[in-house]
Amino acid sequence: MGNKTIVTGVIGADVHAVGNRIIEYAFTQAGFNVVNIGVLASQEEFIQAAIETGAVAILVSSLYGHGEIDCRGLREKCQEAGIGDIILYAGGNLVVGKQEWEPVKEKFLKMGFNRVYPPGTSPEEAIADLKRDLNIED
Amino acid sequence: MDLVNKKWSVDKLMSIRKEVLATWHTGKDVEDIEEGIKYQKALPKSKIFALKLLEAKEKGITLVQPRAGVALVNEHIALLQYLQNEGGADLLPSTIDSYTRQNRYEEAQKGIEESIKSGRSLLNGFPAVNHGLENCRRVVENVNVPVQVRHGTPDARLLAEITLAAGFTDYEGGGISYNIPYAKNVSLEKTIYDWQYVDRLIGFYYENGVIINREPFGPLTGTLVPPCISHAVAIVEAILAAEQGVHYLTLGYGQCGNLIQDVAALQTLQELSEEYLQKFGYENRHITTVFHQWMGGFPQDEAKAFGVISWGAATATLGKATKVIVKTPHEAMGIPTKEANAQGLKATKQLVNMLKDQTIPSSKELEEEKEIIKKETRAILDAILKIGEGDFAKGIVRGFEAGIIDIPFAPSRYNAGKILPARDNNGAIRLLDAGDLPFDKEILDYHKKKIQQRGDAEGREPSFQMVIDDIYAIGKGMLVGRPN
């Protein structure tokens, strides 16, 4: 069993706190050590928290539509900070308005996220993916 | 800062005003407050929000209002015109983007520029501060109905100065309702003080013959908030506003989903707020109500979403809310298109028109529900007043510290976050954990009994899992989150 510390939070000027609490609860139940930096989190705060705790993954939530602006450059900032290989997930209502999912997903994969989740994804799905990506067996 | 619930002098307002207007360059356009008052006074009666609300209240009808806002001015005007003409909106909003709400005007500017470049709105609302006075006036001048500022801004002073001078006649928010659900690290002392400024500004307009309506944000976190919590916050904000000279107030409540509880909540909100304003000596205040269609997670399927919207429309009308804030079939996906927004309005209006001549008759269940909401709300308000040594401003700050008022699932660290709500077996919202709310044994036993009845019916012990199941339930097509 390897390192299971992850950082999660809601990026930008977004204050949606409910899903954030549920992610914390669900990942903790699933055996992860969850460092929750909460809402209104900047890219720097995610990275700082990941470095301080030696996290293996950063899970970024965005519910309010500005995710596209807020997430740009996060991978590059991770590289500059010396954690360029960290696993990055993003999920939520990532863009303004109802848009086709595939192009949105492509946009975020291109930004350097390892996985991207559409609205309405249950935490269990991301938990299963993260266990796979970290080679953790149940 | 010595925070007290006491009316500010005009001198105090004007001296702080100078600092507020200097926080972004568009502030200088509203320096002459007399010019804003003059502009407001020249507006036709049809654009005065409070008058339209009072007329609806008198007639016993429910008005419909959407949420809407995009990054650019022309597009924003086109959106509002569409919602007015095609959607039949009785009242219009300008929903403000999230950067402006955090006073991040540089980022809002970036959003405006990127929206121009890409030909679509990259902001989730209308950045009114960046656009400034003249552009905001164009919004008001290009529609035929009253326009309200809807946002979620802890420090909304500059936004108020610009939009009120621009002819908006209703302003949403409050020092509690736009802090605890909308901020993480801002103290209540600061937001209540900053909202005293906004309320005093509106009081100043009133003293100069201008009627601006104020609407504390009722649904708070929109996540299983029991009526007593949102009522207590709404009434405290109403008192704080009234003290600063606000005369027209719309108090809000977010749909829970159980018809009896929702109707009881709407009726008690009107009754209790009038009672408390009277009791504390605020005469000639006009109270109307707003009902928010379900504020939690929505089904992705648009037909199912219309089901949720219609149930909210029916409840608002049967509860005789003065207005209803409408959701859209795109709710699960974020910001709606103008077409989807108009569809939500039309579905709502259909229900409003069909039900406007019907009422919910009094019943044992309705009276019992009203009784419990009143008892709980009074318990909280009286405890706030006591801990504040007779002062609601001091009391609400200390009350949050002590957890005698506590909002579920709020991001603010100034909120205790101890209470846990869950639905009972009929779908009404009760407390699985009442935290430090100042309830007597009778009230606590009532909640325990109600939740236990559901646990028994589902064959499980009530726990946090039940809360999570309830949060997801409506999105999955149910009201009560039953185990599979």
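Below, the figures for the structure above:
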{"quantity": "Cα-based helix-to-principal-axis angle, B:464-473 vs chain B, degrees rounded to 10", "calculated": "60 degrees"}
{"quantity": "Förster radius 30 Å - calculated FRET efficiency between B:K18 and B:K59, Cβ distance, rounded to 0.05", "calculated": "0.10"}
{"quantity": "Residue-span extension gain [B:S9 to B:N426] - 0.36 nm each, minus C-alpha spacing", "calculated": "145.1 nm"}
{"quantity": "Fraction of beta bridges assigned by DSSP in the protein assembly as shown that are antiparallel (%, nearest 5)", "calculated": "10 percent"}
{"quantity": "B:D170, B:D433, B:D11, reordered so the largest accessible area comes first (probe 1.4 Å)", "calculated": "B:D11, B:D433, B:D170"}
{"quantity": "Student exercise, chain B dipole from Lys, Arg, Asp, Glu Cβ charges, in Debye to nearest 20", "calculated": "480 debye"}
{"quantity": "Residue-normalised accessible area of chain A, given per residue in Å² at a 1.4 Å probe", "calculated": "42 Å²"}
{"quantity": "Rounded to the nearest 20 debye, dipole of the protein assembly as shown from Cβ charges on Lys, Arg, Asp, Glu", "calculated": "840 debye"}
{"quantity": "Accessible area of the stretch B:42-181 divided out per residue, in Å², using a probe of 1.4 angstrom", "calculated": "30 Å²"}
{"quantity": "Drop in accessible area of at least 30 Å² in the complex versus isolated chain, residues of the stretch B:296-340, 1.4 Å probe", "calculated": "B:Q300, B:M333, B:I335"}
{"quantity": "Heavy-atom accessible area per residue - the stretch B:365-476, 1.4 Å, Å²", "calculated": "41 Å²"}
{"quantity": "Helix-only CD estimate at 222 nm, as mean residue ellipticity for the protein assembly as shown, using -39500 (n - 2.57) per DSSP H run (n ≥ 4)", "calculated": "-15000 deg cm²/dmol"}
{"quantity": "Links that overshoot a 20 Å alpha carbon limit, given the list B:K57/B:K374; B:K190/B:K323; B:K6/B:K394; B:K59/B:K320", "calculated": "B:K57/B:K374; B:K190/B:K323"}
{"quantity": "Chain B, relative contact order in percent, only Cα pairs under 8 angstrom and at least six apart counted", "calculated": "15 percent"}
{"quantity": "Rounded to the nearest 10 Å², the accessible area of A:L63 at probe 1.4 Å", "calculated": "70 Å²"}
{"quantity": "Length-normalised contact order of the stretch A:5-134 in % [C-alpha pairs under 8 Å, at least 6 apart]", "calculated": "25 percent"}
{"quantity": "A:R115 accessible area, 1.4 Å probe, all protein chains in place, Å² to nearest 10", "calculated": "70 Å²"}
{"quantity": "Amide proton proximity set for B:T250, modelled H, under 5 Å, gap of 5+", "calculated": "B:R214, B:E215, B:T288"}
{"quantity": "The stretch B:381-419 versus the stretch B:285-347: alpha-carbon centroid distance in Å", "calculated": "30 Å"}
{"quantity": "Listing of the stretch B:78-111 residues, each with accessible area lower by at least 50 Å² in the full protein assembly than in the chain alone (probe 1.4 Å)", "calculated": "B:Y99"}
{"quantity": "Computed FRET value (nearest 0.05) for B:E207 with B:A303, which takes r as the C-beta separation and R₀ as 51 Å", "calculated": "0.50"}
{"quantity": "The protein assembly as shown, accessible surface, carbon-and-sulfur percent (1.4 angstrom probe)", "calculated": "50 percent"}
{"quantity": "Accessible-area value, B:E461, 1.4 Å probe, nucleic acids and ligands omitted, Å²", "calculated": "130 Å²"}
{"quantity": "Cα centroid separation - the stretch A:46-77 against the stretch B:121-171, whole Å", "calculated": "32 Å"}
{"quantity": "Per-residue ³J(HN,Hα) for the stretch B:136-146, Karplus 6.51 cos²θ - 1.76 cosθ + 1.60, θ = phi - 60°, Hz, x for Gly and Pro", "calculated": "5, 5, 4, 4, 4, 6, 9, 10, 9, 10, x"}
{"quantity": "Calculated from backbone phi, Karplus (6.51, -1.76, 1.60) coupling profile of the stretch B:232-241 in Hz, x at Gly/Pro", "calculated": "4, 5, 4, 6, 4, 5, 5, 5, 4, 5"}
{"quantity": "12 Å beta-carbon shell around A:H66, net charge (K/R +1, D/E -1)", "calculated": "-2"}
{"quantity": "Cα long-axis angle, helix B:392-402 against chain B (0 to 90 degrees, to the nearest 10)", "calculated": "50 degrees"}
{"quantity": "Between helix B:105-118 and chain B: long-axis angle, C-alpha atoms, 0 to 90°, nearest 10", "calculated": "80 degrees"}
{"quantity": "Amide H contacts under 5 Å for A:G38, placed H, 5+ residues apart", "calculated": "A:V10"}
{"quantity": "Residue-by-residue Karplus 3J(HN,Hα) for the stretch A:64-76, coefficients 6.51, -1.76, 1.60, Hz, glycine and proline x", "calculated": "9, x, 8, x, 4, 6, 5, 8, 4, x, 5, 4, 5"}
{"quantity": "Positive-end extreme of charge dipole, the stretch B:10-355 - chosen from B:A183, B:V326, B:F280 (charges on Cβ)", "calculated": "B:V326"}
{"quantity": "Built amide H within the under 5 Å cut-off of A:K98, gap 5+", "calculated": "B:T337"}
{"quantity": "Residues in the stretch A:1-16 that, when all protein chains are in place, have 30 Å² or more less accessible area than the chain alone would give (probe 1.4 Å)", "calculated": "A:A13, A:V15"}
{"quantity": "Protein accessible surface hidden between A and B, which excludes ligands and nucleic acids, total in Å², probe 1.4 Å", "calculated": "2700 Å²"}
{"quantity": "Given charges at Cβ of Lys, Arg, Asp, Glu: the protein assembly as shown dipole, positive-most of A:L88, B:F392, B:A265", "calculated": "B:A265"}
{"quantity": "Calculated over the stretch B:206-256: convex hull of Cα atoms, volume per residue (Å³)", "calculated": "60 Å³"}
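The values are calculated or read from the model by the stated rules, or taken from the named source; none is laboratory data. Worth saying up front: this structure is predicted, and the values here are computed from it rather than measured. Cβ atoms come from the backbone with ideal geometry, glycine included; neighbour counts cover every protein chain shown. The area values use the complete protein model at the heavy-atom level, side chains included, leaving out ligands, DNA and RNA. Shrake-Rupley method; radii C 1.70, N 1.55, O 1.52, S 1.80 Å.
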